[in-house]
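Quick notes on the structure that follows.
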Amino acid sequence: MHPRVIEVTERLRQRSRLSRAAYLQQMAEAAARPRGRWDLSCSNFAHGIAGCPATDKQRLRLPDEVNVGMVTAYNDMLSAHQPYEVFPTRIREALRAVGATGQVAGGVPAMCDGITQGEPGMELSLVSRDVIAMGTAVALSHNMFDAALCLGICDKIVPGLLMGALRFGHLPVLFVPAGPMPSGLPNSEKAMVRQRYAEGLASREELLDAECQAYHAPGTCTFYGTANTNQILLEAMGLQLPGASFINPNTPLRDALTVAVAEQAARLARTGEGSLASILDERALVNALVLLLATGGSTNLTLHLVAIGQCAGLQLNWDDMAMLSEVVPILARIYPNGRADVNHFQAAGGTAFLFAQLLDSGLLHADVNTIAGPGLQRYTHEPMLREGRLAWRDGPNASLDESILRSRHAPFSVDGGLRVVDGMLGRGVIKVSAVKPEHWQVSAPCRLFATQEAFVEAFQNNEFQGDVIVVVRFQGPAANGMPELHKLTPYLGILQDRGQRVALVTDGRMSGASGKVPAVIHLTPEAQAGGPLAYLRDGDRLSLDAGRGVLQVHVEQAEWQARTAATHAQPVRRGWGRELFAFARQGASAAEQGASCFTESLIQADGGAV
């Protein structure tokens with residue numbers, strides 16, 4: 001094992017000693033109760049099976065049979081989740097074939113960040129993660145189940161499902177992917193049309209045609225944003241079947257994997273092995289972090305992994321991420337970090353090759369438990385059909401395309417490209433893996449905005465004629481729910497392409513698909529809480545060194561201390577349901593604590609769990 005991985009893991013273990021012990025005690029107490037439905041009264045039980053077919057009812061009355069609960073994020077608005085429409089039927093059939101039963105325990109909301117980018121609905125995006133966690137807990141609260149299957153893929157859905165399921169960590173919990181859509185218009189070409197449209201050089205019809213060619217079929221979007229980062233991290237945590245992430249929907253291999261995960265859920269329930277609490281420990285969380293860094297994954301996971309850890313009694317922080325980033329090389333380049341999409345990544349060797357390289361480098365804990373059995377070495381294998389039956393084979397020994405995947409001996413970068421920014425404006429993160437090195441250093445006056453719309457209006461008025469560091473503040477979790485600011489990307493890219501030196505600084509988020517322009521994001525304390533961002537003034541000179549993770553403010557200390565904090569000129573806007581989530585904004589923790597409204601309920605002042 002690499003000494004830095006050992007060091008970070010041990011730091012995490014010691015920091016989490018009290019809260020992890022309290023979590024495991026809670027799971028042990030839940031496991032000690034009569035299994036599943038056998039803790040229910042006859043009336044409770046009858047309600048739970050009233051809607052089942054007669055054969056399932058008979059099985060459910062048998063004391064040793066297994067009932068698997070499904071928590072589904074199906075809707076047919078998200079291309080990634082549309083295939084889930086038929087999954088419950090397929091899973092129930094697979095379970096019946098092995099003498100078990102399955103029920104949809106509940107559904108959770110699944111909003112699409114791609115639809116809501118730059119729209120009012122984006123202000124509900126991050127808080128939807130916590131709503132999904134609560135919905136998952138409600139679904140599993142019936143105590144009818146011996147195991148659970150989580151059907152979800154996209155941005156906030158997987159973290160929310162996992163956060164909720166962790167409160168039922170005495171059960172085996174397995175994740176069921178549906179796979180990416182086939183490749184369409186290359187993502188780089190789509191981005192070019194977006195930028196041309198922002199400049200007025202492409203019509204709306206041309207833009208819509210390009211977007212529809214890129215997003216054209218059922219399945220996950222093919223760029224390496226948060227959804228596909230989730231998939232690789234689930235494998236790293238041992239919660240999906242090996243190599244299951246990037247098999248296209250509605251194919252024989254995808255169907256076989258769905259059957260296999262149902263069978264495995266029943267198997268684990270019968271043997272009493274593979275509980276979620278026994279799988280997701282500090283080693284699994286560190287493994288997920290290593291994969292985030294090695295692939296240049298979505299910055300949204302710097303929030304989600306912290307919040308997930310808290311739900312398992314593990315106190316992960318940004319310093320852990322920065323320490324690991326110094327030693328974890330980047331071995332994959334997938335758009336926006338490169339030109340390839342996830343289908344190309346899969347064809348080049350996929351997760352099987354990637355896991356093998358990182359295990360050989362000593363950067364992953366191999367001695368972990370997974371839903372597939374003990375040992376992460378299983379994830380160096382890839383699924384296949386042999387005479388119509390599912391089997392696993394060794395992954396490739398060499399990359400099949402070194403522009404997409406590299407060996408540990410020839411990485412794209414010797415470090416993970418994630419930096420913690422700590423200074424006069426607070427703490428934040430910056431990802432440089434998708435930013436060309438010539439754009440890493442920017443020193444310029446800042447322009448302050450409180451909304452994306454105000455920045456776009458200034459751009460359209462040709463107000464940016466020189467180098468600039470754009471500051472968009474009052475975008476944190478307490479201010480407006482911490483929306484992604486992806487609407488800024490094409491405009492900032494235009495300024496950079498014109499030869500201007502440009503950077504973004506914000507207490508908000510950027511899309512998992514962004515990265516062309518250097519961006520210091522998730523700054524905390526946020527402006528709404530009176531953080532340092534609220535003391536900036538238009539024209540203050542800032543200097544960013546993205547490579548070193550350094551952001552300086554060139555204001556005399558006496559002048560800075562004499563300033564008063566600016567306040568948000570606009571109250572939180574109403575409409576589109578935003579007013580219903582005031583409680584979540586008021587209770588949200590800071591970005592570095594996961595931007596979660598659960599933090600206070602999970603962690604006591606002494607670091608223990610409630």
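Return yes or no: is Ala110 touching a Lys or Arg at 6+ places or on another chain (Cβ under 9 Å) and over 17 Å from Ala178 (Cβ atoms)?
Values: touching a Lys or Arg at 6+ places or on another chain (Cβ under 9 Å): yes; over 17 Å from Ala178 (Cβ atoms): no.
No: the conditions fail for Ala110.
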Residues (assigned to a helix (DSSP H, G or I) and either outside the structural domain of Ala265 (by TED's automatic domain parsing) or among the polar types (S, T, N, Q) (or both)) located in the range 215-241: Thr226, Asn228, Thr229, Asn230, Gln231
Which one of these does Val429 not meet: (1) under 25 Å from Gly587 (Cα atoms); (2) without any contact (Cβ under 8 Å) to a residue 24 or more places away in the chain? (2)
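Please report, ordered by residue number, the strands (runs of 3 or more DSSP E) entirely within the range 91-191 with at least 3 residues that are of a type in the set (A, V, I, L, M, F, W, C) and closer than 21 Å to Ile49 by Cα.
Numbers: elements: 101-107, 147-151, 173-175.
Correct list: 147-151.
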Quick one: count up the residues across the range 319-343 that are in a helix (DSSP H, G or I) and surrounded by fewer than 22 Cβ atoms within 10 Å (Cβ to Cβ). 4
Sole residue being in contact with a Gly (Cβ under 8 Å, 6 or more places away or on another chain) and modelled with pLDDT of 95 or more, chosen from Pro383, Pro374: Pro383
Filtering the range 1-47 down to residues that are touching a helix residue (DSSP H, G or I) at 6+ places or on another chain (Cβ under 6 Å) and surrounded by 13 or more Cβ atoms within 10 Å (Cβ to Cβ) yields Val8, Thr9, Leu12, Arg13, Met27, Arg37, Phe45
I'd like to check something: does the range 89-96 contain any residue that is farther than 15 Å from Val176 by Cβ, modelled with pLDDT of 95 or more, of a type in the set (Val, Ile, Thr) and in the same structural domain as Gly164 (by TED's automatic domain parsing)? no
Just to be sure I understand, how many residues within the range 535-563 are more than 21 Å from Val442 (Cα to Cα) and in contact (Cβ under 8 Å) with a residue 12 or more places away in the chain? 2
Checked the range 169-219 for anything crowded, with 18+ Cβ neighbours inside 10 Å and without any contact (Cβ under 8 Å) to a residue 40 or more places away in the chain; matches are Gly184, Lys190, Val193, Ala210, Ala214
Check Pro445 against each of (1) in a strand (DSSP E or B); (2) within 23 Å of the chain's Cα centre (by Cα) and name the one condition it does not meet. (2)
If we ask which residues in the range 7-56 are farther than 20 Å from Gly169 by Cα and assigned by TED's automatic domain parsing to the domain that holds Glu93, their number turns out to be 7
The residue that is modelled with the lowest pLDDT, considering only those in the range 536-569 that are under 30 Å from the mean Cα position of the chain (by Cα) and either of a type in the set (Val, Ile, Thr) or surrounded by fewer than 14 Cβ atoms within 10 Å (Cβ to Cβ) (or both), is Arg548
If you scan the range 372-401, which residues turn out to be over 15 Å from Ala356 (Cβ atoms) and either surrounded by fewer than 20 Cβ atoms within 10 Å (Cβ to Cβ) or in the same structural domain as Tyr535 (by TED's automatic domain parsing) (or both)? Gly373, Pro374, Pro383, Met384, Leu385, Arg386, Glu387, Gly388, Arg389, Leu390, Ala391, Asp401
Which of the residues that make up the range 54-66 are part of a loop (DSSP other than H, G, I, E, B), under 37 Å from the mean Cα position of the chain (by Cα) and surrounded by fewer than 24 Cβ atoms within 10 Å (Cβ to Cβ)? Asp64, Glu65
Checked the range 202-222 for anything under 25 Å from Glu457 (Cα atoms), among the hydrophobic types (A, V, I, L, M, F, W, C) and at pLDDT below 90; matches are Leu207, Leu208, Ala210
Can you tell me which residue among Ala139, Ala227 is surrounded by 21 or more Cβ atoms within 10 Å (Cβ to Cβ), hydrophobic (A, V, I, L, M, F, W, C), farther than 30 Å from Arg35 by Cβ and in contact with a strand residue (DSSP E or B) (Cβ under 9 Å, 6 or more places away or on another chain)? Ala227
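Going through Val456, Val468 one at a time, which residue ends up being without any contact (Cβ under 8 Å) to a residue 60 or more places away in the chain and over 20 Å from Arg194 (Cβ atoms)? Talk me through it step by step, then tell me what you get.
Values: Val456 fails: over 20 Å from Arg194 (Cβ atoms).
It is Val468.
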Answer yes or no: is there a residue in the range 271-294 that is assigned to a loop (DSSP other than H, G, I, E, B), of a type in the set (A, V, I, L, M, F, W, C), out of contact with any Leu (no Cβ under 8 Å at 6 or more places or on another chain) and crowded, with 24+ Cβ neighbours inside 10 Å. no
Write out, first by first residue and then by second, each pair whose Cβ atoms fall under 9 Å of each other, whose residues are 6+ apart or on separate chains, and whose first residue, in the range 23-43, is within 21 Å of Ser278 (Cβ to Cβ) while the second is among the hydroxyl-bearing types (Ser, Thr, Tyr) and outside any helix (DSSP H, G or I). Tyr23/Ser16; Met27/Ser275; Ala31/Ser275
I'm checking my understanding of the structure. Among residues of the range 67-79 that are crowded, with 24+ Cβ neighbours inside 10 Å and at pLDDT 95 or above, which one is farthest from Cys154 (Cα to Cα)? Asn67
Pick from the range 467-482 the residues that are modelled with pLDDT of 95 or more and more than 10 Å from Asp507 (Cβ to Cβ): which of them is nearest to the chain's Cα centre (by Cα)? Val470
Check whether at least one residue in the range 61-70 is hydrophobic (A, V, I, L, M, F, W, C) and over 19 Å from Ala244 (Cβ atoms), and report yes or no. yes
Scanning the range 497-527 for residues that are modelled with pLDDT of 95 or more and among the polar types (S, T, N, Q), the one surrounded by the most Cβ atoms within 10 Å (Cβ to Cβ) turns out to be Thr506
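The values are calculated or read from the model by the stated rules, or taken from the named source; none is laboratory data. Keep in mind it's a predicted model, so treat the numbers as computed, not measured. Here the Cβ is made from the backbone with ideal geometry for all residues, glycine too, and neighbour counts use every protein chain on show.
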